[in-house]
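Chemist: Please find one structure pasted underneath; my questions will follow.
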Amino acid sequence: MSSEDAVDLANMIPIIHDIRAMCNPVEDINLMKRVAVLMEESVRSRQEEVEQMRSELKPLTSKLVSARQSSQRPPNVPSPAAHAQTISKLDAKRFKLVKSIEEGEGALNEKEAEYRRLKAELKELEEKDVTNDVELDGTA
């Protein structure tokens with residue numbers, strides 16, 4: 001060992017004594033135990049917060065599901081396009097029916113007019129004295 005190494009070692013001895021005085025394994029162990037307890041409490045507190053948040057989230061999730069379901073069109077309700085098409089078809093059918101009814105009423109009016117004309121003609125014929133118009137053969 002050289003003299004320089006001895007000097008360095010001699011300088012190091014007081015530093016090592018200072019460091020040894022600062023190191024107290026019992027205190028370090030107690031400090032580590034306190035840190036472990038604090039960490040466990042922190043973990044427990046966070047778990048409780050997570051559980052509370054989950055319990056608050058459950059009703060919100062069910063509300064979200066019901067809101068999604070109510071916002072969607074039920075399967076038995078047609079889409080707007082299908083509804084418009086159905087209305088269009090029904091309108092066309094209604095117009096055809098109205099036209100048929102009007103044609104039927106027109107035909108009925110014609111028949112009623114013909115009936116009135118024929119009835120008037122019949123009345124006229126019944127009132128007419130046919131005995132003067134026709135010579136009756138007494139031999140008949």
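The values are calculated or read from the model by the stated rules, or taken from the named source; none is laboratory data. None of these values were measured; they are calculated from a predicted model. Heads up, the Cβs are rebuilt from the backbone with ideal geometry, glycines too, and the neighbour counts pull from every protein chain shown. Accessible surface is based on the protein model in full, side chains and every heavy atom, while ligands, DNA and RNA are left aside. Shrake-Rupley method; radii C 1.70, N 1.55, O 1.52, S 1.80 Å.
Chemist: Take segment 76-91 and flag every residue that is outside any helix (DSSP H, G or I) and surrounded by 11 or more Cβ atoms within 10 Å (Cβ to Cβ).
Modeler: Answer for segment 76-91, where residues must be outside any helix (DSSP H, G or I) and surrounded by 11 or more Cβ atoms within 10 Å (Cβ to Cβ): just P78.
Chemist: To continue, here is another question. Restricting attention to segment 105-140, which residues are modelled with pLDDT under 90 and either open to solvent by less than 90 Å² (accessible area, probe 1.4 Å) or in contact with a strand residue (DSSP E or B) (Cβ under 9 Å, 6 or more places away or on another chain) (or both)?
Modeler: Residues satisfying the conditions are D129, V130, T131, V134, G138.
So that you can scan it fast, the table gives a plain yes or no per residue for (1) part of a helix (DSSP H, G or I); (2) of a type in the set (D, E, K, R); (3) surrounded by fewer than 10 Cβ atoms within 10 Å (Cβ to Cβ):
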| position | (1), (2), (3) |
| --- | --- |
| E4 | yes, yes, yes |
| I16 | yes, no, no |
| R20 | yes, yes, yes |
| K33 | yes, yes, no |
| L38 | yes, no, no |
| Q47 | yes, no, no |
| S62 | yes, no, no |
| P74 | no, no, yes |
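Chemist: Look at R68 and say whether it is open to solvent by 70 Å² or more (accessible area, probe 1.4 Å), closer than 30 Å to H83 by Cα and not in a helix (DSSP H, G or I).
Modeler: no
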